[in-house]
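The values are calculated or read from the model by the stated rules, or taken from the named source; none is laboratory data. Keep in mind the model is a prediction, meaning the values are calculated, not measured. Please note: Cβ atoms are built from the backbone with ideal geometry, for glycine as well, and neighbour counts cover all protein chains shown.
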Amino acid sequence: MNTLVRMGAVIGGAVMLGVVGGCSMSCPIDEAAMVPVERYPTAVADDPIVEGEKLEGTDGTYYRAGRLVIGSQPTKGDLVGFRREGVGMVVNLRSMNEVEDLDFNEGVYVGKLGMTYAGIPLGGDDGYEPADVDAFAALMDNADGDVLIHCASGGRARSMISAWLITRRGWSHDQAEAWRRTVGQRPGSLERLLTEPEPEVVDVPTKVGNG
């Protein structure tokens with residue numbers, strides 16, 4: 001039976017859970033991943049936010065921006081890989097219905113890997129509200145390691161971090177939007193309709209010789 005315990009008070013309906021043990025399913029763990037998580041003298045909330053770079057060699061699509069890893073639903077293999085890379089916390093922004101439909105218990109598996117798991121359900125019946133940003137900010141105020149923030153495809157993760165940057169870090173909407181582009185955000189449909197696509201550059205091989 002899975003054992004879950006609240007990490008803190010429920011903030012505006014946003015539930016934060018941490019796994020303390022127990023697993024009724026097969027949870028194969030790569031022992032190579034069980035190394036100490038690197039801890040920093042400052043929380044994520046106190047660190048500068050840098051532009052993102054796309055990560056390679058993962059099952060999903062992810063970008064790293066300093067201590068933040070942003071992306072899609074991780075597989076078990078992704079989670080093991082991120083644990084090896086020093087991630088100490090996983091924040092899941094998928095709705096409760098989505099989480100229930102997963103083929104494995106992510107919170108339990110994350111706990112077995114020695115990481116902290118937090119869920120702030122967004123979308124579907126769970127909706128979106130400012131209290132969700134409050135819950136996310138509380139996590140960033142206390143995160144002293146690297147953090148994986150994910151949803152299904154990465155869109156809600158980018159939106160949540162942007163809302164946090166605007167409300168807690170004093171960023172403008174334009175600054176947040178520019179940062180979102182560095183972590184996988186595509187231009188909106190209106191922008192694509194109003195912007196001419198860049199011409200495709202085709203390399204033409206140079207003819208060599210007289211024939």
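Number of residues in the stretch 121-139 that are more than 21 Å from ASP46 (Cα to Cα) and among the aromatic types (Phe, Trp, Tyr): the value is 1. Among the residues of the stretch 147-168, those identified as in contact with a helix residue (DSSP H, G or I) (Cβ under 8 Å, 6 or more places away or on another chain) and assigned to a loop (DSSP other than H, G, I, E, B) are CYS151, ALA152. ASN92 passes all but one of (1) at pLDDT below 95; (2) in contact with a Gly (Cβ under 7 Å, 6 or more places away or on another chain); which number fails? All conditions are met except number (1). Quick check: is even one residue across the stretch 38-47 at pLDDT below 90, within 17 Å of the chain's Cα centre (by Cα), surrounded by fewer than 14 Cβ atoms within 10 Å (Cβ to Cβ) and part of a loop (DSSP other than H, G, I, E, B)? No, the stretch 38-47 contains no residue that is at pLDDT below 90, within 17 Å of the chain's Cα centre (by Cα), surrounded by fewer than 14 Cβ atoms within 10 Å (Cβ to Cβ) and part of a loop (DSSP other than H, G, I, E, B).
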